[in-house]
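In what follows, a structure is listed as structure tokens, so that the remarks can point back to it.
The values are calculated or read from the model by the stated rules, or taken from the named source; none is laboratory data. Computed from a predicted model, the values in this text were never measured in an experiment. Don't worry about glycine lacking a Cβ; one is built from the backbone with ideal geometry, like all the others, and counts go over all protein chains shown. Ligands, DNA and RNA are excluded from the accessible area calculation, which covers all protein heavy atoms including side chains. Shrake-Rupley method; radii C 1.70, N 1.55, O 1.52, S 1.80 Å.
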Amino acid sequence: MGEQLKEKLFTKREEGWKEVDEKQKQEIMKISEEYMAFLNNSKTEREFIKNAKKLADDNGYTDIINKTELKPGDKVYFINREKSMYLAIIGENSIEENGMHIIGSHVDSPRLDLKPNPLCEEGGLAYFKTHYYGGIKKYQWTTIPLSLHGVIVKTNGEKVEINIGENETDPIFTITDLLPHLAQQQMEKKLKEGIDGEDLKLLIGSIPFEDDKVQEKVKLNILNILNKKYDITEADFMSSELELVPAFRARTLGFDESMVAAYGQDDKVCAYTSLSAMMNLEAVKNTAVCILSDKEEIGSMGNTGMESHMFDFFISEILNKLGVNKPNLLDRVFCFSKMLSSDVDAGYDPIYASVSDSLNAGYLGRGIALNKYTGARGKSGASDANAEYVGWVRNVLEKNNIKYQITELGKVDIGGGGTIAYILANKGTDVIDCGVPVLSMHAPYEVTSKYDIYSAYKTYEAFWKE
Ligand code: MN
Ligand code: MN
């Protein structure tokens, strides 16, 4: 009697894998394989957007700039400076009455950027100086293979694309650390001070240029190599965006092959699953919008971040080309819209259980994680989803048999975080955070569950079909 009542009344918290049949398991593995293949070619925001454009072009999407008018069923995108992208399928319903169904993720990830004057020589070795991007634990970025990605733009406008360290035959780069034998003082430091930001210097060469009379021979030799290969001089680094990312490949993790280990899963796991769900979407009732934003990891500022008005511009273009635009319609559309802020959640890590409230943590393998609110210390800075909207989202998930968990990022007063949710919420849209739990978030190698990746795909698909 008690057991039956419990079954009826208690919130179900169970392993997603438990109910997976063979056919579903194959689907789960297939999505993860495709995701890992995409990740291996999309480690930076520019690469992700380039590959997303290819996918969109292959699936019948058109650059909105090339369209003069739009009608239901049309598929369009806008690419913002090669670093962020917005896609849409025009719905059957009136956008004025029903708004849009938006899913928003980000494609930038924590990394090391080169400084504008990066090249130097010390003690017969050549280095690139770096400035880290996003919240990293600096010690994790030493003594691992790093690859160099990005662009160098010359004064004549020519753009040189760089990608070194991903192919087996490429050289890689690394940041050295002190040997334990001489690290006595370093080991006494606090963990966060163990590696100084200025010491994240990338080792890039050691052969001196053959001329006894010249100074900085190793630096000269490196510049000579770069000049021959890319036709650049040292000054061209001023107008470059070069990023260092782990040279690791995305791999299947575990004897049971249940997980994915990869760099940049925050937030490319949600970006990829939402993009992929959108590619398989046909006629929708409500206009479906997919945001792949940039600069989330450093506060969403700048014209490629979500704080910029570039997204408003995209929606205004849709309203203009649908022929329905009028004063204040954009505001109205945002107010009637619904959004999933699809960003990753902190996965419950049993090794570090003390930072999580076990009743409100996101567990690997239990499906998509909803965060009703973000913020830190008394919900400060939180984007808090309205109960009415959370109820609506739960209904969508439950009627589509999608396993979900509702979570909080860590214990009260332990820390916290934020996403792009508040930006759309500030425009009047109903927003909830909704993503995949991750272990070792922001580390060079992050871990997710293939079951949750699959759940994310299913969630985004169901939300857009609503
Ligand atoms: Mn994120
Ligand atoms: Mn992040």
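A few notes on this one:
- Looking across Ile453, Ile432, one residue alone is away from ligand 2 (no atom under 16 Å from the Cβ), under 14 Å from the mean Cα position of the chain (by Cα) and not acidic (Asp, Glu). It is Ile453.
- Filter result for the condition that a residue is under 25 Å from the mean Cα position of the chain (by Cα) and either within 16 Å of ligand 1 (Cβ to nearest atom) or within 25 Å of Asp236 (Cβ to Cβ) (or both), over Thr143, Thr130: Thr130
- Among the residues of the stretch 410-429, those identified as away from ligand 2 (no atom under 16 Å from the Cβ), of a type outside the set (A, V, I, L, M) and in contact with a helix residue (DSSP H, G or I) (Cβ under 7 Å, 6 or more places away or on another chain) are Lys411, Lys427, Gly428, Thr429.
- When residues of the stretch 86-145 are limited to those that are within 15 Å of Ile315 (Cβ to Cβ) and open to solvent by 30 Å² or more (accessible area, probe 1.4 Å), the one nearest to ligand 2 (Cβ to nearest atom): Asn98
- Filtered residue count, the stretch 20-76, keeping only those that are within 21 Å of the chain's Cα centre (by Cα) and closer than 26 Å to Glu296 by Cβ: 25
- Considering the stretch 324-376, the residues that are open to solvent by 10 Å² or more (accessible area, probe 1.4 Å) and among the acidic types (Asp, Glu) include one that is nearest to ligand 2 (Cβ to nearest atom), namely Asp343.
- Val412 meets each of the listed conditions (1) open to solvent by 70 Å² or more (accessible area, probe 1.4 Å); (2) modelled with pLDDT of 95 or more apart from (2).
- Taken over the stretch 312-342, the criterion of being polar (S, T, N, Q) and either touching a Leu at 6+ places or on another chain (Cβ under 8 Å) or touching a residue at least 12 places away in the same chain (Cβ under 8 Å) (or both) is satisfied by Ser316, Asn325, Ser337, Ser341, Ser342.
- Among the residues listed as Lys217, Lys159, the single one being touching an Asp or Glu at 6+ places or on another chain (Cβ under 8 Å), open to solvent by 50 Å² or more (accessible area, probe 1.4 Å) and farther than 18 Å from Leu244 by Cβ: Lys217
- Of the residues making up the stretch 383-409, those that are out of contact with any helix residue (DSSP H, G or I) (no Cβ under 7 Å at 6 or more places or on another chain) and open to solvent by 40 Å² or more (accessible area, probe 1.4 Å) are Asp384, Asn386, Ala387, Glu388, Trp392, Arg394, Asn395, Glu398, Lys399, Asn401, Ile406, Leu409.
- Of the set (1) modelled with pLDDT of 95 or more; (2) outside the structural domain of Leu119 (by TED's automatic domain parsing); (3) surrounded by fewer than 18 Cβ atoms within 10 Å (Cβ to Cβ), all apply to Phe209 but (2).
- Selection of strands (runs of 3 or more DSSP E) fully inside the stretch 371-463 by the criterion of at least 3 residues being more than 15 Å from ligand 1 (Cβ to nearest atom) returns 404-407.
So that you can scan it fast, the table gives a plain yes or no per residue for (1) among the small types (Gly, Ala, Ser); (2) assigned by TED's automatic domain parsing to the domain that holds Gly302; (3) over 23 Å from Ala421 (Cβ atoms):
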position: Gln4; (1), (2), (3): no, no, yes
position: Glu19; (1), (2), (3): no, yes, yes
position: Phe38; (1), (2), (3): no, yes, yes
position: Tyr61; (1), (2), (3): no, yes, yes
position: Met85; (1), (2), (3): no, yes, no
position: Gly91; (1), (2), (3): yes, yes, no
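- Of the helices (runs of 4 or more DSSP H) that lie entirely inside the stretch 1-117, those containing 2 or more residues that are polar (S, T, N, Q) span 22-40.
- At least 3 residues being within 30 Å of Tyr454 (Cα to Cα) is the threshold, and among the strands (runs of 3 or more DSSP E) wholly inside the stretch 174-281 those reaching it are 240-246, 251-253, 259-262.
- The residues of the stretch 248-278 that are among the aliphatic types (A, V, I, L, M) and open to solvent by 40 Å² or more (accessible area, probe 1.4 Å), listed by number, are Leu253, Met259.
- Test result for Leu319, modelled with pLDDT of 95 or more and open to solvent by 10 Å² or more (accessible area, probe 1.4 Å): no
- Residue under evaluation Leu281, criteria (1) surrounded by fewer than 19 Cβ atoms within 10 Å (Cβ to Cβ); (2) not assigned by TED's automatic domain parsing to the domain that holds Ala421, criterion not met: (2)
- Taking the stretch 69-83 as the range and being out of contact with any helix residue (DSSP H, G or I) (no Cβ under 7 Å at 6 or more places or on another chain) and touching a residue at least 40 places away in the same chain (Cβ under 8 Å) as the test, the residues that pass are Lys71, Pro72, Gly73, Arg81.
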